[in-house]
1. Within segment 48-73, name every residue whose backbone N is under 16 Å away from a label modeled 7 Å from Cα of R128 along the Cβ vector.
2. Here are some values of volume of the Cα convex hull per residue in Å³: [x] 200; [y] 125; [z] 112. Which one was computed from this structure?
3. Can you tell me how much longer the chain between A209 and D187 gets when fully stretched, taken as 0.36 nm per residue apart minus their C-alpha distance, in nm with one decimal?
4. List every residue whose amide H lies under 5 Å from the amide H of R160, counting only residues 5 or more places away in sequence or on a different chain, with H placed 1.01 Å from N in the peptide plane.
5. Taking 8 Å as the Cα distance limit and 6 or more residues as the minimum spacing, I'd like the relative contact order of the chain as a percentage.
6. So how do W185, W27 line up by other beta-carbon neighbours within 10 Å, fewest first?
7. Antiparallel DSSP bridges in the chain: what percent, to the nearest 5?
8. Over the chain, with a Gaussian network built from C-alpha contacts below 10 Å, which listed residue (H149, H222, H15) shows the highest mean-square fluctuation?
Amino acid sequence: MMIIDAWAQHPTLRHSQDPVFESLRRWNKTETPTEELSLEITVGAMDAVGVSKSLISAWYAPRNIMISNDEVAAFVSKYPDRFVGVGSVDISKPMEAVREIRRCVNELGFKAIRVLPWLWEVPPTDRRFYPVYTACCELGVPFCTQIGHTGPLMPSEVGRPIYIDQVALDFPELKIVGGHIGYPWTDEAIAVATKHENVFIDTSAYTAARYPAQLVEFMRRHGRRKVLFGTNYPMITPGKALEALDSLGLDDEAKELFLSGNAKRVFGL
């Protein structure tokens with residue numbers, strides 16, 4: 001069965017060493033990396049459990065371009081059959097952001113745009129996001145974001161899934177993928193995804209053993225076309241993320257949709 005990872009990144013040292021992740025390193029009892037991670041290690045982690053493709057993202061923050069769009073394009077160029085590019089932009093510069101989204105899609109061939117509200121400390125209803133949504137609609141690519149609390153020591157309120165409700169009302173044609181399952185507001189995430197045709201959830205940053213019961217029930221029943229598999233690699237490897245997959249009780253159709261079918265449809269792969 002094909003597997004597509006809807007949320008991953010191949011980190012640069014700028015990303016791996018950024019101070020914002022220090023709390024995660026303490027929690028995971030890991031040292032700050034001093035060497036670049038090779039693309040071969042990332043592909044090897046995919047191969048270990050049969051992940052066919054990973055959507056790898058750029059990371060733009062106010063103080064640091066952690067992973068640039070051009071770096072993501074270079075990764076995709078080296079492994080075009082394995083990596084799918086996801087761009088990011090600086091929302092504080094609206095017209096520059098719009099031009100960069102057009103470049104990401106039209107020139108670099110990226111399939112989505114991701115911006116994380118917690119990095120900017122504003123909710124996705126902030127006016128600075130709206131040019132991004134407009135550009136994504138015009139170009140026909142999904143907008144990806146983070147929903148739920150933040151692992152880094154940054155405000156979590158901006159990750160409330162209910163903010164996505166207003167965005168989806170303003171941009172009903174925009175496909176929105178909320179990563180990290182929305183915990184501890186998973187019921188909100190499910191409600192918004194149920195209400196809006198083009199709102200989806202991905203399971204990145206959580207192993208299958210840690211999915212909330214209400215999300216698993218959603219995946220089994222009326223939400224089987226709404227949830228995408230994701231890892232947040234390298235935080236969680238695909239193998240670790242999938243260890244308890246069989247314990248979820250998904251039928252064959254629900255499992256195929258979760259592992260790849262929904263991602264293929266949403267991202268046009």
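Quick note: the coordinates plus some simple rules give every number you see, no bench work behind them. All values reported here derive from a predicted model rather than from experimental measurement. Positions of Cβ are generated from backbone atoms using ideal geometry, with glycine treated the same way; all protein chains shown enter the neighbour counts.
1. Within reach of a label on R128, which here means backbone N under 16 Å from a point 7 Å along Cα→Cβ, segment 48-73 contributes 59-66.
2. Recomputing volume of the Cα convex hull per residue in Å³ here gives the entry labelled [z].
3. 6.1 nm
4. G148
5. On the way: 530 pairs, mean separation 51.1, N = 269.
Value for the chain: 19 percent.
6. W27, W185
7. Antiparallel: roughly 10 percent of the beta bridges in the chain.
8. Maximum fluctuation in the GNM of the chain, among the listed residues, is at H222.
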